[in-house]
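Beneath this line is the structure, given in structure tokens, with notes to follow.
The values are calculated or read from the model by the stated rules, or taken from the named source; none is laboratory data. Keep in mind that what you see is a predicted model, and the values were worked out from it rather than measured. FYI the Cβ positions are ideal-geometry reconstructions off the backbone, even for glycines, and counts take in every protein chain you see. All accessible areas refer to the heavy atoms of the entire protein, side chains included, with ligands and DNA or RNA removed. Shrake-Rupley method; radii C 1.70, N 1.55, O 1.52, S 1.80 Å.
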Amino acid sequence: MLLHRRRRREHRSSPGEPPGSLAPAPYARPTHLRLIGYDADRLIDHQSTDVAEIEERARGVANVWIDVEGLRDVDTIRALGERYRLHPLTLEDIVQVVQRPKVDIYEKYLFVVLRLPRLDKGLVTEQLAIVLGEDFVITFGERPSEGFDAVRRRLGHVHSRMRSKGVDYLAYALIDALIDAYFPILERYGELLDELEEEIVERSTDKLVSRIHALRRTVMELRRAIWPLREVLNTLIREGTPYVQAETRVFLRDCIDHVSQLLDMIEIDREVTSTLFDLHLSSLSTRMNEIMKVLTIIATIFIPLGFVAGLYGMNFDPEVSPYNMPELHWRYGYLYALLVMAAMAFGMLAYFWAKGWIGGWWRRGGRTAKRD
């Protein structure tokens with residue numbers, strides 16, 4: 001059962017620190033660099049932790065992709081910022097992984113922040129920062145992303161379209177891979193909502209409330225991550241946005257369509273989670289009404305039986321008058337009283353049945369059995 005995992009406590013700079021301060025989160029992973037340099041004729045794939053070595057390997061390559069995995073080593077991140085002239089506020093946003101998806105336009109590059117989904121005993125959204133320049137792309141992730149393996153494989157093919165295009169197309173491919181990663185997660189949680197709805201209809205319990213609440217929080221977390229994507233993509237496809245070619249904007253419009261599909265799925269899931277709460281309360285109310293109906297029927301049946309038993313329990317002496325309970329001296333008086341009470345009980349049950357007040361479950365089961 002996949003449920004929502006509580007978000008990690010947000011880590012920000014201490015109050016009063018100057019802008020551009022780099023304070024990595026306590027849970028940040030060690031920093032590793034991976035260089036993928038490519039053009040139509042060659043491909044360079046090299047991993048290192050030294051920025052100078054990465055820079056040396058990248059010389060002479062038309063397009064450069066530097067994938068930074070882990071954000072613990074602020075010296076390495078600062079060295080990258082100096083090499084590619086990244087603004088101190090950009091470096092601060094990279095290290096503080098609590099940013100909302102956005103696009104910042106600088107003179108030498110575009111800075112894009114996205115939320116990358118991951119399932120780890122529940123849903124976790126991690127920050128992915130993309131720096132898009134004239135001939136380079138730098139991605140900063142909290143941990144290695146398997147979702148970008150397909151992009152790397154495409155770069156490995158000599159005749160791939162990506163090899164003959166600029167780095168803006170690579171940035172599009174990364175954004176598209178991130179958006180596509182949401183679809184299987186939303187489909188999985190949609191299946192969980194359907195299963196939970198069936199459980200509530202069949203047998204609603206108080207334990208289901210926590211599961212409904214966890215799924216609702218998950219849907220809200222997904223909405224917070226996906227909703228700003230439309231604004232991000234609209235900024236990238238806007239005329240005049242630097243470092244994004246007109247040909248690439250066409251592909252980014254397709255990403256907007258995918259985001260719209262995701263938002264539609266999220267809105268449906270939000271409605272379902274709200275409905276599940278109402279369904280749960282309705283199911284509990286129905287069960288309570290059934291219990292009260294059974295107790296009422298039992299009490300109603302025993303009221304006349306108690307009257308008969310109380311009547312014959314009165315202290316009348318039949319010797320004084322022949323009308324003072326002559327059944328007390330009758331040989332079958334006790335059986336007569338029992339038969340009267342049994343006839344009253346069965347008569348009331350038959351009346352309740354005829355009115356449809358009891359036997360509803362049995363009636364439905366009988367009709368279903370006949371149809372089967």
Could you give me the residue pairs with C-beta distances under 8 Å whose first residue belongs to the stretch 289-300 and is in contact (Cβ under 8 Å) with a residue 24 or more places away in the chain, whose second residue is open to solvent by 80 Å² or more (accessible area, probe 1.4 Å) and not in a helix (DSSP H, G or I) wherever it lies, and which are 6+ apart or on separate chains? Lys293/Trp357; Ile297/Trp357
Report the residue count in the stretch 103-115 for those that are over 14 Å from Glu126 (Cα atoms), part of a strand (DSSP E or B) and of a type outside the set (A, V, I, L, M, F, W, C). 1
Give me the pairs: first residue in the stretch 45-71 and free of Cβ contacts under 8 Å to residues at least 60 places away in the same chain, second residue acidic (Asp, Glu), beta-carbon distance under 7 Å, and six or more apart or on different chains, which are they? Val61/Asp39
Criterion violated by Ser164 - all others in (1) at pLDDT below 90; (2) among the hydroxyl-bearing types (Ser, Thr, Tyr); (3) crowded, with 18+ Cβ neighbours inside 10 Å; (4) over 30 Å from Tyr27 (Cβ atoms) satisfied: (3)
Confirm whether Glu146 is acidic (Asp, Glu) and either buried (at least 20 other Cβ atoms within 10 Å of the Cβ) or over 21 Å from Ala23 (Cβ atoms) (or both). yes
Just to be sure I understand the filter: pairs with C-beta atoms under 6 Å, separated by 6 or more residues or on different chains, first member in the stretch 316-328 and within 22 Å of Leu338 (Cβ to Cβ) and without any contact (Cβ under 8 Å) to a residue 24 or more places away in the chain, second member of a type in the set (Val, Ile, Thr) and surrounded by 13 or more Cβ atoms within 10 Å (Cβ to Cβ). Which pairs pass? none
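Taking the stretch 286-334 only, how many residues are among the hydrophobic types (A, V, I, L, M, F, W, C) and either touching a Gly at 6+ places or on another chain (Cβ under 8 Å) or not in a helix (DSSP H, G or I) (or both)?
Total satisfying the criteria: 5.
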For the stretch 236-285, how many residues meet the condition of being assigned to a loop (DSSP other than H, G, I, E, B) and closer than 18 Å to Leu178 by Cβ? 1
Subset of the stretch 194-243, residues within 14 Å of Arg115 (Cβ to Cβ) and of a type in the set (Asp, Glu), comes to Glu221, Glu231
Looking only at residues in the stretch 278-302 that are under 26 Å from Glu197 (Cβ atoms) and open to solvent by less than 80 Å² (accessible area, probe 1.4 Å), which one is farthest from the chain's Cα centre (by Cα)? Lys293
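Within the stretch 72-102, can you find the residues that are under 23 Å from Glu221 (Cα atoms) and not in a helix (DSSP H, G or I)?
We begin by selecting, within the stretch 72-102, every residue under 23 Å from Glu221 (Cα atoms); these are 93-102.
Listed by number, the residues that qualify are Gln96, Val97, Val98, Gln99, Arg100, Pro101, Lys102.
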One residue is enough: does the stretch 72-81 have a residue meeting the conditions open to solvent by less than 30 Å² (accessible area, probe 1.4 Å) and modelled with pLDDT under 90? no
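Every residue, every condition in (1) in contact with a strand residue (DSSP E or B) (Cβ under 9 Å, 6 or more places away or on another chain); (2) in a helix (DSSP H, G or I), yes or no:
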{"position": "Pro144", "(1), (2)": "yes, no"}
{"position": "Asp149", "(1), (2)": "no, yes"}
{"position": "His159", "(1), (2)": "no, no"}
{"position": "Asp168", "(1), (2)": "yes, yes"}
{"position": "Ala171", "(1), (2)": "yes, yes"}
{"position": "Asp176", "(1), (2)": "no, yes"}
{"position": "Phe183", "(1), (2)": "no, yes"}
{"position": "Gly190", "(1), (2)": "no, yes"}
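crowded, with 16+ Cβ neighbours inside 10 Å, out of contact with any strand residue (DSSP E or B) (no Cβ under 6 Å at 6 or more places or on another chain) and over 29 Å from Val158 (Cα atoms): is that true of Gly122 in this structure?
No, not satisfied.
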Residue among Arg7, Arg29 that is open to solvent by 20 Å² or more (accessible area, probe 1.4 Å), modelled with pLDDT of 85 or more and within 36 Å of the chain's Cα centre (by Cα): Arg29
Would you mind telling me which numbered condition in (1) open to solvent by less than 20 Å² (accessible area, probe 1.4 Å); (2) of a type outside the set (A, V, I, L, M); (3) closer than 30 Å to Leu192 by Cα Arg100 fails? (1)
Could you list, in sequence order, all residues of the stretch 42-71 that are modelled with pLDDT under 90, buried (at least 18 other Cβ atoms within 10 Å of the Cβ) and of a type in the set (Gly, Ala, Ser)? Ala58
Filtering the stretch 197-216 down to residues that are open to solvent by less than 10 Å² (accessible area, probe 1.4 Å) and of a type in the set (Val, Ile, Thr), which residue is nearest to the chain's Cα centre (by Cα)? Ile212
